[in-house]
Amino acid sequence: MSILSLVVITFAAACAPNRPPANGPEHAPLAVLAENPRYFLFRGQPAVLATSGEHYGAVLNLDLDYRIYLDELKRCGLNLTRTFSGTYREVPGSFRIRANTLAPAPGRFACPWPLRGEKFDLDRFEGRYFDRLRDFVAEAGRRGIVVEYVLFCPLYEDELWAVSPMNARNNVNGVGKCPREDVFTLKHPDLLKCQLAFVRKAVAELNGFDNVYFEICNEPYFGGVTLEWQRRVADEIVAVEKDLPFKHLIAQNIANGKAKVENPHPAVSIFNFHYASPPEAVALNAGLRRPIAFDETGFKGTEDRVYRRQAWEFLVAGGGAFSHLDYSFTVDHEDGSARVEDPTPGGGSRRFREQVGFLKSTVEGLGLADLAPDSALVRSVEPAGQRGEVSAISNRHRGEYLIYAAGGGKLTLTLDLPAGRYRVEWLDPRDGATIRSDELDVKAGGHGSRLESPNVAEDLAIRIREEKAK
C-alpha cells in the first residue's frame, strides 16, 4: 500500500453542517478575566480551564464519535478539549502510542484541503471537513466545553513529513519543496501563502462560536519553527477578525518545562507550557498578567498519581489551565474506558478525569476574582523534609484558603492566618471525600496556628474557610 493511500479521505461518516446561530452566540467569546487575568471569563462566569482529553484527533479522525467523548468530559465536570486541525497527522506507531487518535485508519483522515486524485489541492478547501469542525465545536459548546484549536504542528520525524499535505510530493500545487525543518519559516512564500489562507479560512469559519481559542503551533521549539513565522500567523488571526463580529483569544506554546516569556506578541493572551512540572513557569511569567497553561502532560508512566500531583501543584501555583493527555480515549472507546498500557507514553482513566473535575470545582469555589498563590500561608511543615511538597493559594478577601500536600503520611503545619474562626476540611484528592472536618480559632496577635493532619496514603488537600459572624 502506498503512503498516499493511507490519507485518502472518505466522508461517509462526516457530520451534517451545524453552523452557529445567525445572530452569534448568547455570550461573548472566552476572555481573560479582567479582575484577575490569571483566569478566564466564560459565558459570564470566572473559570479555570481543565481537562483530561483525547490525543487531539477528534476532528481529523473520522472514526472517532466525538459526541460520546464530549459527553464523558461533561460528566466529569471538565470544560476543555484540545484538537489538531488536520494540517498535521501521525501514523500508526508514532511515539509508541497505542490506538493513537491522531493516526487515523486508511481513508479516514479528514483534512482541510481536498484531494484531487491521490494528491491534495492546497488552493482549495474541503467543505465537509469544515462541516465536521463546526459541528464538533457546536457540540462542545452545548456541553460547556471550550475547544483549543491547534492550527499547526511541527513535523517531528521524516515519516510525518512523508505523509504531510504540505510536502510537494503529496499536493498538486508543487508547494513544499523543502526540508521539513523549513516548513514553518518565512523562507518559502508559496508555502506560507497556503498556510495563511488556511488560517483565514479556519478563523472565519469559527468566528461565530464563543467556546474556541486558537493555538498558533503545537511545540514550536521542535522542527525548526521560527518565532517570526509564529508572529506572522498571529498577525493573520488578528487581521481576519478585525472586521468580524467576535475576537478570540490566541495561545502560544512557549516551552517544555519552563521559560520566561520575553517580548510577547501583543495579541497573544494565553501562554502554553508542556510538561510544566514543577510549575515554575507560572511564577516566572506572573508579570505578563495573562493565563499560564499546563497544556500537555505525559512520559511519566501510566499511573494517575503523578499526573494528579502535577495538576494540583500547577493550579495551586496560580495556573489558569490544565490539559492532561488522556490515552484512554480511542476510536473504540470514545468514553475513555480503554486500558492504558506500555509502551504508550502517558496515562489516563475515568477515575483521573473525575479527580481533575474535583480539583477544578475546588479551585473555582474559592472565588477566582481575588485568588492568588500564597507563599506566606504555610510558615512551617513537620517533618521538615516535606516543606517543598506543600503549596497554597488563597482568597484572603473572602477568607478562603487551599493547601495541597503532595506527599503522604502525617503532617503538622503552622499557618499564618488572620484572627477569626475557621472551618478546616481535610480532603482526599483521589475521590474528593472529606476525611475530617475541624474548627480552628485564631486569636489576635498569635504566633501561628498549628494543624495536625490525618495520616494519608498518598496526597492531601486542606480547604479552610473563615466563618463570618452573622
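Rule-based calculations on the coordinates, nothing more; no lab input. This one's a predicted model, so the numbers in the text were calculated from it and none came from an experiment. Reconstructed Cβ throughout: ideal geometry from the backbone, glycine too, with neighbour counts over all protein chains shown.
Points to keep in mind about this one:
- Of the GluC sites (Glu not before Pro) in region 387-470, the ones in a loop by DSSP (not H, G, I, E or B) with at most 14 other beta carbons within 10 Å are E467.
- Stretchable slack from R43 to A239, in nm (0.36 nm times residue separation minus alpha-carbon distance): 68.1 nm
- Values of log10 I(q)/I(0), in the order q = 0.16 Å⁻¹, for region 157-242 under a Debye, Cα-only, solvent-free model: -0.67
- Ellipticity estimate at 222 nm from DSSP helix runs (n ≥ 4, -39,500 (n - 2.57)) divided over the chain, nearest 500: -6500 deg cm²/dmol
- Partner aspartates and glutamates for K247 [C-alpha distance under 12 Å; skip if fewer than 8 residues away on the same chain]: D210
- Theoretical gain in end-to-end length, A444 to R116 [0.36 nm per residue, Cα-Cα removed]: 110.4 nm
- Listed residue pairs exceeding 20 Å between alpha carbons, taken from K74/K201; K187/K260; K201/K242; K443/K468: K74/K201; K187/K260
- Near-label residues of region 391-428 by backbone N, under 12 Å of a point 7 Å along Cα→Cβ of T434: 423-428
- Reachable lysines from K258, criterion Cα separation under 26 angstrom, eight or more residues apart if same chain: K300, K360
- Set of aspartates and glutamates with alpha-carbon distance to K410 below 12 Å, sequence-local pairs under 8 removed: E382, E452, E458, D459
- Here the label points at N256 and T412, each 7 Å from Cα along the C-beta direction, are separated by 4.3 nm in the simple model.
- Diffusion coefficient, µm² s⁻¹, Stokes-Einstein with Kirkwood Rh over alpha-carbon pairs of the chain at 20 °C and 1.002 mPa s: 93 µm²/s
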